[in-house]
Amino acid sequence: MKGSTLIKVASQSILKNKMRTLLTMLGIVIGVGAVIVMVAIGQGAQSQIQNQIDNLGTNLIVITPGSSSSGGVSRGAQTYNRLTIKDADKIKRESLYANAVSPVVWTRTQVIGGNGNWRTSINGVSPDYIVIRNWPLKSGRFFDASEMRAMRRVVVLGHTVAEELFADSDPTGARIQIRNVPVEVIGVLEPKGQTPDGNDQDDVILAPYTSVQTRLSGWSRIFQIMASTPRPGDVPRAQEEIAAIMRESHNLAEWEENDFTVRNQNDLADAAQSTTEVMTLLLAAIASISLLVGGIGIMNIMLVSVTERTREIGIRMAIGARGRDVLTQFLVESIVMSVIGGMIGVALGFGSASIIGRATGWSTAISPETVAIALVFSASVGIFFGFYPARKAARLNPIDALRYE
């Protein structure tokens, strides 16, 4: 029997009992739709996390105090702090791969100006910081090396701070007070959004690290050192080079553990992505249970169909149909039912993912590969659960089938 004829006969058989067919396909529809929605949410989360990681900077390398292990015992980064401005200067002076280096001095305090006051983070950095973070300005300018050396009282506001203190007006040129230190606002940064751990990157004020050290924090140690490379391929070599420079700067012997940790942007991305991938697989596995239930439903209905059509099977065999022809016919019916259910499920999944995304503000993403896998899986369910009823029909004895009432 031709393939087109098989599909035609299968479709006619399915349409004879529309309500029963619809209820049978419901499990496949719900299963495929649930898998599409869960995967869409998971892939959307991965995409959003990747965007947040990219927002952290361009080819970013971060040096933090403390070693990840010491004497074979895990201690964790930032166990103790030996980072200094001299370390940052040495990296900038000697590194062949890092094109931008900035120390980061951090403090948190109250800021007064404009329409009121706001408690925020003050990051003391160098002019290279804006290059490392790939952070454009919304208005004004960034401070330069001469202003940093002169310890000028100038600051650049993050978007959140600018909105809280000055609402919709441009604060460039205005004066604010950080603790008891009056400073001039020379620029406002473009909004960056949240980090992968949920912190607002825009709730910050950037100032020359020299000014922050002498006038605000009073700390000689620095919070971290940030660096970047011109090309992504240079990051691994830059990490090795920076580690060697830091060991020399801290006079560490060969047998001594690092008292610092060097991480890159990809390390952060891999940690975040692996978590979301596990969650996506878990959600998809849970949703797939509906496909299993739908497959069992198809098998039950096909068994009922074989019983109802026993005489029809007997007649077909009596006029020359072979067992494999009968098997193929019933198997095609099962596959057609599954594929139609899968297509409806894909449409339902697309619609549901879009509605959920708009209602919750979550990011959702559906790749063509996901749709293809869902359809192939639904067809596989039809083959797997339809094979037993089809084989039962093919093995019927024609004489017994004709006598069946």
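So here's what we get for this one:
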{"quantity": "Accessible-area value, residue 200, 1.4 Å probe, nucleic acids and ligands omitted, Å²", "calculated": "70 Å²"}
{"quantity": "Segment residue 117-residue 18, length gained on full extension (0.36 nm per residue, minus Cα span)", "calculated": "28.9 nm"}
{"quantity": "Gyration tensor (alpha-carbon) shape descriptor, region 60-265, a/c threshold 1.5", "calculated": "prolate"}
{"quantity": "Point-to-point label distance, residue 180-residue 363, nm (Cα→Cβ direction, 7 Å offset)", "calculated": "4.5 nm"}
{"quantity": "Residue-span extension gain [residue 168 to residue 356] - 0.36 nm each, minus C-alpha spacing", "calculated": "64.5 nm"}
{"quantity": "Region 60-265, accessible surface, carbon-and-sulfur percent (1.4 angstrom probe)", "calculated": "47 percent"}
{"quantity": "Residue-normalised accessible area of region 60-265, expressed per residue, 1.4 Å probe, Å²", "calculated": "46 Å²"}
{"quantity": "Rounded to the nearest 10 Å², the accessible area of residue 97 at probe 1.4 Å", "calculated": "70 Å²"}
{"quantity": "FRET efficiency, 1/(1 + (r/R0)^6) with R0 56 Å, evaluated for residue 282 and residue 315 via beta carbons", "calculated": "0.65"}
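The values are calculated or read from the model by the stated rules, or taken from the named source; none is laboratory data. None of the values given here were measured: they were computed from a predicted structure. For neighbour counting, all protein chains shown are included, and Cβ atoms are generated from backbone atoms with ideal geometry for every residue, glycine included. Calculation scope for accessible area: heavy atoms of the full protein, side chains included, ligands and nucleic acids excluded. Shrake-Rupley method; radii C 1.70, N 1.55, O 1.52, S 1.80 Å.
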